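Report on the following structure.
The values are calculated or read from the model by the stated rules, or taken from the named source; none is laboratory data. Here the structure is a predicted model, which means the values were calculated and not measured. Positions of Cβ are backbone-derived with ideal geometry, glycine not excepted, and every protein chain shown enters the neighbour counts.
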Amino acid sequence: MSAPQIDAERFLGRLDAFARIGGTAKGGVNRQALSPQDREARRLLAELAAARGFEVRQDAIANLFVRRAGLDNSRPPLLIGSHLDSQLTGGRFDGALGMLAAFEVLEALEDAGVETPVPVEAVAWTNEEGSHYQPGCMGSMAFAGGAIPAQWASLRGHDGALFSEELQATLAALPEAAMRPLGFPVAGYIELHIEQGPSLEREGIPIGIVEGIQGTRWLEVAITGQAAHAGTTALAFRRDAMAAAARGLGRLYDAIMPNDERARFTVGRFSVEPGAVNAIPQKVSFTVDLRHPETAALDRFEAAIGDTLAKAAEEGGCACQIRRIFDMPPAVFSAPLLERLREAAVETGLAWKPMLSGAFHDALFLARVAPAAMIFVPCRDGLSHNEAEYVEPEHSVAGARLLLASTLAALPG
Ligand code: HGY
Ligand code: MN
Ligand code: MN
């Protein structure tokens, strides 16, 4: 048995091959969860796995597992992985880097004939992004909870696609993937991901060892007034939903992030009805993505959002409805596993720094059922959820090398 090595050329070639699935003219990817492009990527992964003699399994929410057997296959596996789905205008590294690095780790172990005490599995979690169907992290959330929330079956994507139908089509597209229970004991979970922020690149450090993830809440807001003629309706008679939304959001943009540099407040999706140039808006619908490392701050800001929007609506004779559609409390990763990652970074000769993640990840849910931790690598200008997302090849390879060393360090006795 020789020391396992990451095959940089093979790994970088895999990144290129998957980037072509759903690839966009601007060099990004559009591989939304449970789409034909997602199914094409899953198929390629399954074929690559079969070619190496790895077992391919999936569960009821189509989490896809590539399993390399260990000495005792009755024991809980060590999971490594990330996601293959992307944003609508996503980058080629968000998710795919960690998923394909995990597969490269399995290949490196296989090439070197390493016998691991337990199975090691590379996993692609379903719908991490939450951009096609909300919420995000559906696969890892269902895995950690051991069930698929009943209300998800009737969810529709922004294109009208029905979640339950697209899920069944995705499962059916890989008949060779043996079905396995949703949720099972796991020895540990390590996820490699791009930072999606600027600090590693700015500090010239190739590795972040991620100690936790800030909390995230998603809200759906509807402000309803009355459609009327744009030319004949004076101010006193207007119940303009757009004006109420603009007034309320203006106050929130001024009140939240300028007063707390750790807070994140984003309105990412916005629609106006009826949407005619010369009709006063009847209804405005939009999403809020709120993040903070502290739950108390999330509570405070969520209350302020509700109060501010309700007041702005009332001032304009409108009604306001708010629904929380996603709530991921902040998480702290496993101290013992983080220590293994630090040791592996030193052993691999890679400079690193401790970090918190501003983005949510599947590791957040795995941390509820197993020791979990993450590794970050820099991305150019910290840009992500953008087709220009880019990772230097040496950083991709460094991340995969540390994932391999961390996997070996994290294996149970
Ligand atoms: O939105 C997030 O934090 C993740 O990148 N999907
Ligand atoms: Mn991601
Ligand atoms: Mn993402």
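Would you be able to say whether some residue in the range 41-48 is surrounded by 17 or more Cβ atoms within 10 Å (Cβ to Cβ), without any contact (Cβ under 8 Å) to a residue 60 or more places away in the chain and away from ligand 2 (no atom under 16 Å from the Cβ)?
yes
Among residues belonging to the range 181-213 that are β-branched (Val, Ile, Thr) and within 15 Å of Pro76 (Cβ to Cβ), point out the one that is surrounded by the fewest Cβ atoms within 10 Å (Cβ to Cβ).
Top of the filtered list is Val186.
Condition test on Ala50, is it over 16 Å from the mean Cα position of the chain (by Cα) and either part of a helix (DSSP H, G or I) or not polar (S, T, N, Q) (or both)?
Yes, satisfied.
Between a first residue in the range 169-191 that is within 27 Å of Phe376 (Cβ to Cβ) and a second residue that is of a type outside the set (A, V, I, L, M, F, W, C) and not in a loop (DSSP other than H, G, I, E, B), which pairs have beta carbons less than 7 Å apart while being 6 or more apart in sequence or on different chains?
Final answer for the pair search is Ile190/Ser406; Ile190/Thr407; Glu191/Gly81; Glu191/Ser82; Glu191/Gly98.
Tell me which residues, restricted to the range 88-138, are among the hydroxyl-bearing types (Ser, Thr, Tyr), buried (at least 24 other Cβ atoms within 10 Å of the Cβ) and under 24 Å from Gly382 (Cα atoms).
Selection gives nothing.
Would you check which residues across the range 296-318 are β-branched (Val, Ile, Thr) and touching a Lys or Arg at 6+ places or on another chain (Cβ under 6 Å) and list them?
Across the range 296-318, the qualifying residue is only Thr308.
What residue, of Leu106, Leu78, is more than 16 Å from ligand 1 (Cβ to nearest atom) and touching a Lys or Arg at 6+ places or on another chain (Cβ under 6 Å)?
The unique qualifying residue is Leu106.
Read through the list (1) within 16 Å of ligand 3 (Cβ to nearest atom); (2) surrounded by 17 or more Cβ atoms within 10 Å (Cβ to Cβ); (3) not polar (S, T, N, Q), then give the number of the only condition that Ala388 fails.
Failed condition: (2).
Within the set of pairs 6 or more residues apart or between chains, which connect a residue that is farther than 15 Å from Gly98 by Cα and at pLDDT 95 or above inside the range 383-401 to a residue that is assigned to a helix (DSSP H, G or I) and within 16 Å of ligand 1 (Cβ to nearest atom) with Cβ atoms less than 6 Å apart?
none
Within the range 351-409, how many residues are touching a Cys at 6+ places or on another chain (Cβ under 9 Å), within 16 Å of ligand 1 (Cβ to nearest atom) and outside any loop (DSSP other than H, G, I, E, B)?
2
Being farther than 16 Å from Glu387 by Cα, within 15 Å of ligand 2 (Cβ to nearest atom) and of a type outside the set (Lys, Arg) is true for just one of Ser82, Ser86, Ser35, Ser2. Which residue is that?
Selected residue: Ser82, the only one of Ser82, Ser86, Ser35, Ser2 that is farther than 16 Å from Glu387 by Cα, within 15 Å of ligand 2 (Cβ to nearest atom) and of a type outside the set (Lys, Arg).
Return the residues of the range 203-226 that are of a type outside the set (S, T, N, Q), closer than 30 Å to Arg401 by Cβ and in contact (Cβ under 8 Å) with a residue 24 or more places away in the chain; say none if nothing qualifies.
Within the range 203-226, Glu203, Ile205, Pro206, Ile207, Gly208, Ile209, Val210, Glu211, Gly212, Ile213 qualify.
Criterion first (over 23 Å from the mean Cα position of the chain (by Cα), among the aliphatic types (A, V, I, L, M), crowded, with 19+ Cβ neighbours inside 10 Å and not in a helix (DSSP H, G or I)) does Ile223 satisfy it?
It is true that Ile223 is over 23 Å from the mean Cα position of the chain (by Cα), among the aliphatic types (A, V, I, L, M), crowded, with 19+ Cβ neighbours inside 10 Å and not in a helix (DSSP H, G or I).
Please list, ordered by residue number, the helices (runs of 4 or more DSSP H) wholly in the range 113-220 having 3 or more residues that are over 20 Å from Arg264 (Cα atoms), of a type in the set (Ser, Thr, Tyr) and more than 16 Å from ligand 3 (Cβ to nearest atom).
none
Checking the conditions here, which among Ala367, Ala405, Ala296, Ala359 is among the hydrophobic types (A, V, I, L, M, F, W, C) and more than 23 Å from Thr216 (Cβ to Cβ)?
Within the list Ala367, Ala405, Ala296, Ala359, the selection yields Ala405.
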